[in-house]
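See structure below.
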Amino acid sequence: MFGRRKKQNSRVTDSPVSPVSPKNFGRRIKELLSRRGQIGEAFYEELEDLLVEADFGAAAAVDLVNELREYRRNNSGGLSRDELIEELKSLIRPSLKVFNLTPDPEKLTLYLVLGVNGAGKTTTIAKMAHQFAQSGTAKIVLAAGDTFRAAAIDQLEIHGQRVGARVVKQEHGSDPGAVIYDAINSAVSRSDTLIIADTAGRMHNRTNLVKELSKIDRIIRERIGNSGVYRKLLVIDATTGQNGMRQAESFHESIGVDAVIMTKYDSTAKGGLVAAISRKLNLPFAFLGRGEGMDDLLPFNPEIYLDELLAGD
Ligand SMILES: Nc1nc2c(ncn2[C@@H]2O[C@H](COP(=O)(O)OP(=O)(O)OP(=O)(O)O)[C@@H](O)[C@H]2O)c(=O)[nH]1
Ligand SMILES: [Mg+2]
């Protein structure tokens, strides 16, 4: 799972754009319906293919289509296009959960940001800091916990200056647990309320990364204790398809994840990954990243997500 950037990039280069996009997925379902007239086996098979193409994952696609079949069996009067889309929405909706990421100004809060390299962690940290600073809900410190890559510390510092957040750092190669521990101490002594900690997305190998992240996790739990709030946020790049699903499984299994932030939703040709992760791992989503600008981070809204995915107009 870790360090797959090269493979992902080459995959993206090999097949630039999928014909399925969150915007036209619903339109294609409608096309499928009008083309077939009747809803029969061929329709269900095509719908299943369409769901797989849109990154729902094979298992979820099969399940959803079976549930739709079942629904239709129980509604012998037939099913209009709109009814079918509404039913598909109501089959997907129950698994979609929102994680409300509004820091409590009364409590010391730490968000540990996890994800493979290139997922969009550092940019997302900057966007979150920008939002929380603008709304005045928190006094923010950024912790430069990605000490593996030399440029990562500078990158966070530049973002920190831009959004007006203090950055706690040590030099390249230092212990990320120590950097984050320092950041907590300095937040406490200056009465800052929110620490957002960056982490490395890649190390020499996966075992090293899991070990490192587990150590960071332990340090934070011990230092923050029950009086504060500690959340692990996993950043997934929407354009990585089923690889994103594997990343979510792997991080959740090895470190434990509280909420997912999906980045690059603006550049994805597929929207089903959100539903796939929600359905399989029962994880809530906090934000969708929809561009590179500081304001391009929107709270996850299931109804908007479903409308965009299935409205098709
Ligand atoms: N279009 C788009 N690009 C994004 C979004 N979020 C991040 N990016 C871009 O993705 C690239 C990688 O982002 P980073 O924030 O550096 O990713 P990272 O996870 O910190 O990467 P490493 O530090 O290498 O582990 C940058 O060019 C970002 O501008 C998004 O929501 N939409
Ligand atoms: Mg980074």
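What follows draws every value from the coordinates through simple rules; no lab data is involved. Just so it is clear, the structure is predicted and the values come from calculations on it, not from any experiment. Ideal geometry is used to build each Cβ from the backbone, glycine not excepted, and the neighbour counts take in all protein chains shown.
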- request: Quickly work out the THR102-to-SER214 label distance, labels modelled 7 Å from Cα along the C-beta direction, and quote it in nm with one decimal.
  value: 3.7
- request: Could you sort out which of LYS139/LYS280; LYS139/LYS270; LYS107/LYS215; LYS97/LYS169; LYS121/LYS270 sit more than 28 Å apart by Cα distance in this structure?
  value: LYS139/LYS280; LYS139/LYS270; LYS97/LYS169
field: Extreme residue, positive dipole direction of the chain, given options ALA178, ALA165, THR122 (C-beta unit charges)
entry: ALA178
message: To make sure I understand the rule: partners must be aspartates and glutamates, Cα under 15 Å from the Cα of LYS211, and not fewer than 8 residues away in the same chain. Which ones qualify?
response: ASP146, ASP175, GLU253
query: Relative contact order, percent, of the chain when contacts are C-alpha pairs under 8 Å separated by at least 6 residues?
result: 28
statement: The size of the Cβ-based charge dipole (Lys, Arg +1; Asp, Glu -1) of the chain about the Cα centre, to the nearest 20 debye, is 640
task: Take the alpha carbon atoms of region 208-232, find their center, do the same for region 101-142, and report the distance between the two centers in whole angstrom.
output: 16
query: Can you give the helix-only mean residue ellipticity at 222 nm for the chain, where every DSSP H stretch with n ≥ 4 adds -39500 (n - 2.57) and the sum goes over all residues, rounded to the nearest 500 deg cm²/dmol?
result: -16000 deg cm²/dmol
For peptides 125-133, 47-55, sequence by mean Cβ density within 10 Å, most packed first: 125-133, 47-55
- line: Mean-square fluctuation maximum in Gaussian network of the chain, Cα pairs under 10 Å, restricted to PRO94, PRO302, PRO284, hits PRO94
field: Global form of the chain, assessed from the alpha-carbon gyration tensor, a/c cut-off 1.5
entry: prolate
- request: Between the alpha-carbon centers of region 234-274 and region 148-179, tell me the distance in whole angstrom.
  value: 24
